[in-house]
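Take a look at the structure set out below.
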Amino acid sequence: MVLRHEIAHSLMTPRTDPAAVDEFSKLDEWVVEGFAEYIAFHGRPLAASERTAPALQLVRTGWNGTLPSNGDWQKSGLLTFHYWLGHTAMTHLAEKHGEPKLFRFVEAVYAGTPTDRAARDVLGVSLDEFQAGWADYVRELAG
């Protein structure tokens, strides 16, 4: 799984706009890591991830329903939860909009398109609309 995850990073990094290499660290981590997790677990249910059970418990105990910001990834004890949230965002995106749009969305973000604009351009919804639908999806997973 780790190899697939890292290969996903390796395949997407060259798609980053060379003029914006310094901006790479500004890409939304939920997209970067979520996509890598999606590829790592491709064809397997979310339950196959060891992150799922503890993440669902966190959702049930008061999750705020938002995608993790880049600053959130530094919060102690929540790193695996944020990987899982990114993974579920990509899974939801593929289920709702289709895998070809998932790939186009991720490629647009890597190429430097702001995530909110990539959502509008590729998915036809605002990032807020996507996030709301995804939050409902995650809450349904948690029961």
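The values are calculated or read from the model by the stated rules, or taken from the named source; none is laboratory data. Note that the structure is predicted; figures quoted are calculated from it, not measured. Glycine gets a Cβ as well: all are built from the backbone with ideal geometry, and neighbour counts include every protein chain shown.
Brief remarks on what is shown
- Test: residue in the range 50-72 that is closer than 19 Å to His9 by Cβ and among the hydroxyl-bearing types (Ser, Thr, Tyr): no
- Residues considered: His42, His5. Of these, the only one that is modelled with pLDDT under 90 and farther than 25 Å from Glu129 by Cβ is His5.
- Test: residue in the range 60-76 that is modelled with pLDDT of 95 or more and in a helix (DSSP H, G or I): yes
- Filter result (under 15 Å from Glu140 (Cα atoms) and free of Cβ contacts under 8 Å to residues at least 60 places away in the same chain) within the range 54-83: Ala55, Gln57, Leu58, Thr61, Gly62, Asn64
- Pair list, Cβ under 6 Å, 6 or more apart: the range 33-53 residue in contact (Cβ under 8 Å) with a residue 12 or more places away in the chain and under 18 Å from Leu78 (Cβ atoms), other residue among the charged types (D, E, K, R) and in a helix (DSSP H, G or I): none
- Taken over the range 111-136, the residue count meeting the criterion of being in contact with an Asp or Glu (Cβ under 8 Å, 6 or more places away or on another chain) and touching a residue at least 40 places away in the same chain (Cβ under 8 Å) is 3.
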